[in-house]
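The structure appears right after this line, and notes come after that.
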Amino acid sequence: MILDEALPHLPRLRRHARLLTGDAARADDLLQDTLERALLKAALWRPERGGPDRDAALRAWLLSLMHKLFLNQRRDERQHLYEEFDEARSDELQPSHEPALHLRLDLERALAALPAAAREVLLLVCVEELSYEAAAQVLELPVGTVMSRLSRARERLRLLMQGAPAGARPGGLRVVK
Amino acid sequence: MDGKEVHAMNEASLHAYVDGQLGDDEAAEVAQWLLDHPEDARRVLAWRGQRAALQGLHAQLLDEPLPPRLLQALKAPPPQAVAANAPRYRLQALAGVAILGLGLALGWGSHAWLRAERPAPLTAAVPAFVRDAAIAHAVYLPERRHPVEVGAEQQEHLVQWLSKRLGQPLRVPALQAEGYRLIGGRLLPAGEDEGADAALARAQFMYEDEHGGRLTLYVSVVPPAQAVPTAFRFSREERGGRSFYWVDGRLGYALTGPLSQQQLSLLGSRVYEQLQPAPK
């Protein structure tokens, strides 16, 4: 049964939803909708012959369902920026995470400030580690479009992070004190 | 490279390099390009840092138990109940038995799954940390003014601080007897292959001989799955030198410099010896 097979993918899908929406409650709603959609369409799902292995194909399929629901939601809400951040949850961070807290929030803000399309490409490639071709399939875009979005997203994120307070740059150097 | 000159590097290739989506030969070509083009190397390093930082965002969700309602959403209704808008209460009613099994499976197996589920890097020949070491070497080697963040005079402090950040006790080998003095070290962003819980930092130590020839020692915490001791190996030779690398415990080391294999392995073995615990 494919839904049992989906189980190991859920924590990653949940994180993907979290990074995509920028909000914990929205993320879980999005994941729940995705799973319900998957449940309805499970009988129709077949891994592509000659495609990636079954597990990767299933994950890509779930990601594409999530992508479509995410797009629909945004269309419905006509919302182009999620401004609300889930700061209430930051108290869950363990003490060991604290030194990284500022970096984390800045990166999260910068990520949320990207256009949704750029954020999706960036997350699929960097965090979900999909190949460009697989990301293009999930997003139903030509590979070239994925590449150009990726390139712009990276530059944009880099600039956004440079606008952040010094010392909070992910790729920059940290001064040892 | 058959004496062929690459005159411009395709932007897409730089991205594909960062994302581990190039074959060995292409990756080597890009690595070579980066050695000669520090501006591109800086961008590549920044993108890798970005990638690693993004992978760290909300990584705690990967180990968190799933909320029950999500597990309930997975429970299939009986075939006749499949309808476009099956109300949630029906799913909930069916979920009870499954939850126990799912909970057990998740609680027990999630760590193993999640680790095993990470896609393998596409270019597995040379560990990612060695490629990062080569890039970092190329970037900082030519620096005359600020080759290091913290000079050797603050060595004790540097070592303590880096050890804390890496989460592993670190030692800085002395290579004076071989003609190289430590000029200092710096902290660098981690590459892409760190586990979510791994330290986010890597360290580079720079050494210099009396003629200004430089060596770098790159130290990286490796994810537990990759933390198997490896034999000493050499990476492919690049113009900026080659790397002599190994993994010991949770740390991966790469010593990079424009030296012969013989010289490099000699220095590498001196480093290795000094990293071993002192005999009691």
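Counts of other chain beta carbons within 10 angstrom of each beta carbon in peptide A:35-48 average 3.
Cα centroids of segment A:124-144 and segment B:41-56: 18 Å apart. Shielding value for B:60-73 is 5, the average number of Cβ atoms from other chains within 10 Å of each residue's Cβ.
Taking every residue in A:19-30 and counting other chain Cβ atoms within 10 Å of its Cβ, the average works out to 1. Here the Karplus relation 6.51 cos²θ - 1.76 cosθ + 1.60, evaluated at θ = phi - 60°, turns the backbone of segment B:25-30 into coupling constants of 5, 5, 4, 5, 5, 5 Hz, with x for every Gly and Pro. Exposure proxy shown here: for B:Arg165, A:Arg119, the number of other Cβ atoms within 10 Å sets the order, fewest to most, as B:Arg165, A:Arg119.
Taking K and R as +1 and D and E as -1, what net charge do the other residues with C-beta under 12 Å from the C-beta of A:Pro142 add up to? With Lys, Arg at +1 and Asp, Glu at -1, the net is -1.
Bear in mind that the values in this text are calculations on the coordinates, not laboratory data. Note that this is a predicted model, so its numbers are computed, not measured. All Cβ positions, glycine included, derive from the backbone under ideal geometry; neighbour counts span all protein chains shown.
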